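Single-structure report; data block below.
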Amino acid sequence: MENSEIAAIFEDIAHLLEIRGENPFRVRSYKRAAEAVSSMTVSAEKLVGEDEKSLEEIPGIGKSIHEKIVEIVRTGDCSLKKELLEKFPDGILDLLKISGVGPKKAALFYEKLGIGNVDDLEKAVNEGRLGDVAGLGEKTEINLKRAIAAYRSIQGSSLRYKLSLAMSSVDKYSKHMLSVKSVKRAEFAGSLRRWKETVGDLDMLVESNDHEAALERFVSYGEVAEVVQRGEKKAAVRLKNRLQVDLRVVDKDEFGAALQYFTGSKSHNVALRDRAKRMGFKINEYGVFSEKTGKKVAGADEKGVYEKVGLCWIEPELREDIGEIAAAEKGKLPKLVDVDDIQGDLHMHTTESDGHNSLEQMAEAAIKRGYSYIAITEHSKAVGIAHGLDETRLRKSLKAIDNLNEKLKKKKAKFFVLKGAEVDIRHDGSLDYEEDALGELDCVVAAVHSSFNMPKAEMTERIIRAIESGLVNIIAHPTGRLIGYRPPYEMDMEKVVKAAKTHNVALELNSFPERLDLSDVHCRLAKEHGVPVVISTDAHSEHDFANIVYGVHTARRGWLEKNDVLNARPLVELKKFLAKGG
DNA sequence: GCCGTTTTCGGCCCGACTGTTTTCAGTCG
């Protein structure tokens, strides 16, 4: 039982309670529990039975939720959820995914019209049966029709968008806004600013002394397909690429408070406002206000908002309510790793296997980025589809690297190319090169590329066997997930991390936007166990080096500091680690 | 259902927009 599965059950319970009109704070407790469980670095299943008491130390988990976690782990289901589903069909949860349908409407649909799923709703709308119910008018019917069509069109694909797609829309839209005189600043907030791996929509914030002009500029952007909403202070549009963008227009002295508010996360904001309230302040998107006098005491900049409630400024990537507020209070926030800290890249391909640039071109591009080293890591022979190298071709390519290093040395370039390989971890955990060949390498990156459907215990064994070989330095894309396409393979990450610690192996954080593997949560786990993380790009062309930002920001979401990142170390120290010297 | 620098009981973040209705409920973020 994965943490994400337990979280999903709590999520469902929260929604079902909401539909039943239960105490909204009870509903929130289940939502909060869902978030708490999914951001845990250890598996809840493991804690049950072993260290069960520690469950209640997690904020948001009390006695009742604790008992339900135990029940879910033991039985695979939750009696409360079953009980709730006796009153409603489970298709009712899908109704909530229709934009404009919340718990109240879902309950109304079911009670008055017997609508229990999206198909029923669509039928009712098409037959014009909604008008019979008090409180539902013509406009609602039109909006529902459109919302159902939108729901259908994204079914099967992920509801959220990869961060990289969202990023590609950001710059152009900002420029479009800033080209109007009254718009002084334009920034994107929301999950994009927190660098979440996927985003549901974009939140743009602009400072303007003419709200109407800013709103008009916003909806007249060339990529807009549809204006979803428009008021005096905010508007929302859907772009041609289907991404929704929300705009909020604020005045100069509100910008910081608004930026804080719209960056979220929601649970971070709830915790922050709760804290403010206890201190006699009220925080909203316009500023921080004294509860007593009603006077505004902060709001122009974000830092001021945090300082007013006794905290130092918190990096957006940390704002998930998983301990950052307590850390900020004590001045114990991590000093997060930065893109500029990265000294080199330890995973890339050239035209020898399935890359698009030559060895020399990759080296040159890396030098241009200011790196002091790279490792060339072609595929091994088992990965035939990527023109993996056998031992003979491998040795030939190593010679080319030696030659290049010679040349670089003569030129007095402070740059070194490490001899590496992305060795396939075979089905049985053995490595796809002979030991002799592996011995000639500076940097052995090992990865799983086949048999993704193995049982959890076997996959864990497979990877650990590779780690225990003593021949491996780094495990690449450790879970194999492709965001939106392929789930991670079943594997006990904690066991893998512990084995990595014992055998001086680092774990890769692959920066490809569809991988981001390790995830932020797994980065925290690695850090807790003192296992270094390598932020690599797995570049197949020189352009892919730019993806490093996605890796670094994911690492930042995982609270990693410079010291936690292997390739933030200078070459000498890196070599020491690769020689298993720690 | 959770939680505690007022509290083990009584609170629990806050505001904009829409639609429908004539003062507000529901949804969303």
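Where a number appears in this text, it was derived from the coordinates with a stated rule and is not lab data. Only a predicted model underlies this, so the values are computations on that prediction, with no experimental measurement involved. Quick reminder, even Gly has a Cβ in these numbers, built from the backbone with ideal geometry, and neighbours come from all protein chains shown.
For the ranges A:233-246, A:50-63, what's the packing order if you count other beta-carbon atoms within 10 Å of each residue, average per peptide, and put the highest first?
Listed from highest to lowest mean packing, they are A:233-246, A:50-63.
For the range A:69-126 and the range A:455-508, compute the distance between their C-alpha centroids and round to whole Å.
38
If you line up the Cα atoms of the range A:339-578 on their principal axes, what length do they span on each, largest first, in Å?
For the range A:339-578, the Cα spread along each principal axis is 50, 38, 33 Å.
Answer with one residue from A:Thr75, A:Ala328, A:Ala500: the one whose Cα lies farthest towards the positive end of the charge dipole of chain A, charges on Cβ with Lys, Arg +1 and Asp, Glu -1.
My answer, from the dipole projection, is A:Ala328.
For the range A:74-139, what log10 I(q)/I(0) values come out of the Debye formula at q = 0.12, 0.13, 0.20 1/Å, with one point per alpha carbon and no solvent?
Listed by q, the Debye log ratios stand at -0.34, -0.39, -0.79.
Could you give P(r) for the range A:268-329, binned at 10 Å from zero, as whole percent values over all Cα-Cα pairs?
23, 59, 17, 1
Can you list residues whose amide H is under 5 Å from A:Ile425's amide H, if they're 5+ apart or on another chain and H is modeled 1.01 Å from N?
Sorted by chain and number, the residues that satisfy this are A:Ala447, A:Val448, A:His449.
Could you work out, for chain A, what percent of all Cα-Cα pairs fall into each 20 Å distance bin, beginning at 0 Å and stopping at the bin that holds the largest distance?
It works out to 18, 47, 31, 4, 0, in whole percents.
In bins 5 Å wide, starting from 0, what share of all Cα pairs of the range A:161-250 does each bin hold, as a percent?
Pairs per bin, as whole percents: 3, 16, 29, 27, 18, 7, 1.
Name the residue from A:Val227, A:Ala437, A:Tyr286 whose Cα lies farthest towards the positive end of the charge dipole of chain A, charges +1 on Cβ of Lys and Arg and -1 on Cβ of Asp and Glu.
Positive-end residue among those listed: A:Tyr286.
Under the Karplus relation 6.51 cos²θ - 1.76 cosθ + 1.60, θ = phi - 60°, what is the ordered set of whole-Hz ³J(HN,Hα) values for the range A:508-524, x standing for Gly and Pro?
Using θ = phi - 60°, the values come out as 7, 10, 6, 7, 4, x, 8, 9, 6, 9, 4, 7, 4, 5, 5, 4, 4 Hz.
Once you sort the root eigenvalues of the Cα gyration tensor of the range A:399-489 as a ≥ b ≥ c, which label holds: rounded (a/c under 1.5), prolate (a/b larger than b/c) or oblate (the other case)?
Taking the square roots of the gyration eigenvalues as a ≥ b ≥ c, the range A:399-489 is prolate.
Quick one: divide the alpha-carbon radius of gyration of the range A:322-477 by 2.2 N^0.38 Å and tell me what you get.
Numbers: Rg = 18.5 Å, N = 156, 2.2 N^0.38 = 15.0 Å.
Taking the Cα Rg and dividing by 2.2 N^0.38 Å, one obtains 1.23.
Could you work out how far apart the two model spin labels at A:Lys409 and A:Glu364 are, taking each label as a point 7 Å from the Cα in the direction of the beta carbon, and quote it in nm?
2.3
Once the piece of chain linking A:Arg230 and A:Val297 is laid out straight, how much longer is it, given 0.36 nm per residue of separation minus the C-alpha distance between them?
This chain segment gains 21.1 nm when fully extended.
Enumerate the calculated ³J(HN,Hα) couplings along the range A:164-171 in order (Karplus 6.51 cos²θ - 1.76 cosθ + 1.60, θ = phi - 60°), each rounded to whole Hz, writing x wherever the residue is Gly or Pro.
5, 5, 4, 4, 5, 8, 6, 4
Report, in deg cm²/dmol and to the nearest 500, the calculated mean residue ellipticity at 222 nm for chain A, where each DSSP H run with n ≥ 4 adds -39500 (n - 2.57) and the sum is divided by the residue count.
Result for chain A, helices only: -13000 deg cm²/dmol.
Report, largest value first, the span of the C-alpha coordinates of the range A:3-156 along each principal axis, in whole Å.
56, 29, 24
I need the peptides A:531-544, A:277-290, A:77-90, A:305-318 ranked by packing, meaning the mean over residues of other C-beta atoms within 10 angstrom, with the highest value on top.
Order by mean packing, descending: A:531-544, A:305-318, A:277-290, A:77-90.
Starting from 0.36 nm per residue, how many nanometres of slack lie between A:Ser164 and A:Arg146 once their C-alpha separation is accounted for? Provide the component values of the computation, followed by the final result.
Values: separation 18, 0.36 × 18 = 6.48 nm, distance 2.73 nm.
That pair, A:Ser164 and A:Arg146, stretches by 3.7 nm at full extension.
Give the distance, in whole Å, between the Cα centre of the range A:288-366 and the Cα centre of the range A:247-278.
About 18 Å separates the Cα centre of the range A:288-366 from the one of the range A:247-278.
Kindly provide the GluC sites (Glu not before Pro) of the range A:381-452 that DSSP labels as loop, not H, G, I, E or B, and whose Cβ sees at most 12 other Cβ atoms within 10 Å. Don't skip to the end; give the middle numbers.
Details: sites: A:Glu391, A:Glu406, A:Glu422, A:Glu434, A:Glu435, A:Glu440; in loops: A:Glu434, A:Glu440.
Passing sites in the range A:381-452 are A:Glu434.
Please figure out what share of the DSSP beta bridges in chain A is antiparallel and state it in percent, rounded to the nearest 5.
45
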